[in-house]
1. Quick one: is GLY244 within 14 Å of the chain's Cα centre (by Cα) and at pLDDT below 95?
2. Specify the residue that is surrounded by the most Cβ atoms within 10 Å (Cβ to Cβ); the eligible residues are those in the range 281-333 that are among the small types (Gly, Ala, Ser) and in a strand (DSSP E or B).
3. Can you tell me which residues in the range 281-311 are of a type in the set (S, T, N, Q), within 18 Å of VAL208 (Cα to Cα) and modelled with pLDDT of 95 or more?
4. State all residues of the range 208-218 that are of a type in the set (D, E, K, R) and in a strand (DSSP E or B); if no residue qualifies, say none.
5. Going by the conditions given, is GLU194 acidic (Asp, Glu) and either more than 24 Å from LYS314 (Cα to Cα) or under 11 Å from the mean Cα position of the chain (by Cα) (or both)?
6. Looking for something assigned to a loop (DSSP other than H, G, I, E, B) and either buried (at least 20 other Cβ atoms within 10 Å of the Cβ) or in contact with a strand residue (DSSP E or B) (Cβ under 7 Å, 6 or more places away or on another chain) (or both) - is there at least one such residue anywhere in the range 219-226?
7. Would you mind telling me which numbered condition in (1) in a loop (DSSP other than H, G, I, E, B); (2) more than 28 Å from SER230 (Cα to Cα); (3) open to solvent by 60 Å² or more (accessible area, probe 1.4 Å) HIS365 fails?
8. Please determine, by comparing only the residues of the range 71-92 that are without any contact (Cβ under 8 Å) to a residue 60 or more places away in the chain and closer than 17 Å to SER18 by Cα, which one is surrounded by the most Cβ atoms within 10 Å (Cβ to Cβ).
Amino acid sequence: MEILVNSKKAEVFHNKISDFVIYSAESKCENKAEIKIILDEISDEVVVRPMSLGITPDVSQNEIHFDATIPCKMSIEFPKSERLPIFVFLYEKEEVPQGENVRVFEAGEHTIDELRPNSNEILYLAEGAVVHAHLYAENAENVTICGRGIFDIDGDYTTKYRRMARFHKCRGLTIRDVTLEGPKGWTCAMFGCESVTVDGVNIMSWHVCGDGIDVVGSHDVSIKNCFIRSADDCVAVKATDYCGPDGLNDVYNVKVNNCVFWNAQPGNAIEIGFETRCDEMYNIEFSDIDIIHCEYEGWQSGSAISIHNGDRAKIHDVTYRNIRIEDVNEKLFDFKVMYSNYSHDEVRGSIENVLVENVSLVSGHFPPSVLSGYAPEDSLVKNIRFVNLSAYGEFIHNPIECRMVVERCKNISFEEKDN
């Protein structure tokens, strides 16, 4: 197989779930990409996701052609074939960091047991660099991890530690443009951190518990422009002490926007919970997201959009806006206050003041939804507004049209408004 971007042959990387290409524009003026894929075999059907890109490829024998805008992240899929999808990650021209505080990994392979960035340090992975390392930082400030290179810990590289990139009590953390693949546990997890930006990152995991990004007991977190294909939750917001007490703080001011998510079995695409061992989780926003796949889990929790409050937290002021769902198999929404096998607190919390606005099921199966509170009265799901919720272009006006089970809830409303 060959892939050409603007007539330039791209390096094709391979893992257990995909082939993928990382391409950086050569100039600031290069804002369009002509993609040409030459396969070893003839393809009958090709789909480019997310569908919101509006790309219909030209397919002729074993060649695929289409144009795309830079920057852009996409999945090229072959529904009638066993062939792996091809992920294409298109970036604008890169600004390479300079200075004495920059630690550079040039193109080629590098193997490090554990990589620990220091405060005020920049770790830069040049395009073509493949670094086999676990990332860990604690009490570090103003750390930047960036570049168009790859962190890979598939196989023997991941036997010593469970999580691929772990950050404790860090402040001013930036992770930008790198690709993370192959973990056997959570891919990128922050515990008790503040002022965190994850921008333009690609994540690919295929082992169970391979969450994409976990925001644990942290606040003031921005996740944007990311592509996540994970073998568990794509993004999960939690409070738990799995790695010590740092993750038991309140969670607030978390924004996730302009991302593409593929949730493979198990887990959920967008998750708050199950572990919610803090007093409050609030001001959490997910916007401008394409959920291209949310696969069947079979353990009664998998959904495109979920809040699973398994502990004492009051979860409130959560917004889901401008989200397009292309393929979901088990549940569309799953908002529950519950006791689960992850629960530790004796009392249950609540889910309150949630806005679901301009969320659309655009294709695929129409699954059920569940909204469920927990006795007694103060552990309800309440004040949930669905505004311009739609399926296949038609607005949904009530729980029945949404195929939704509602129990121990208050003030659940469906509204249709002009944009």
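The values are calculated or read from the model by the stated rules, or taken from the named source; none is laboratory data. Just so it is clear, the structure is predicted and the values come from calculations on it, not from any experiment. Note that each Cβ is placed from the backbone with ideal geometry, even for glycine, and that neighbours are counted across all protein chains shown. We work out accessible area using only protein heavy atoms, side chains counted, and drop any ligands, DNA or RNA first. Shrake-Rupley method; radii C 1.70, N 1.55, O 1.52, S 1.80 Å.
1. Here the answer is no, as GLY244 does not meet what is asked.
2. By that ranking, first place goes to SER306.
3. SER303
4. ASP214
5. No: the conditions fail for GLU194.
6. Yes, because at least one residue in the range 219-226 is assigned to a loop (DSSP other than H, G, I, E, B) and either buried (at least 20 other Cβ atoms within 10 Å of the Cβ) or in contact with a strand residue (DSSP E or B) (Cβ under 7 Å, 6 or more places away or on another chain) (or both).
7. Result: HIS365 passes all but (2).
8. Ranking the candidates gives ILE76 first.
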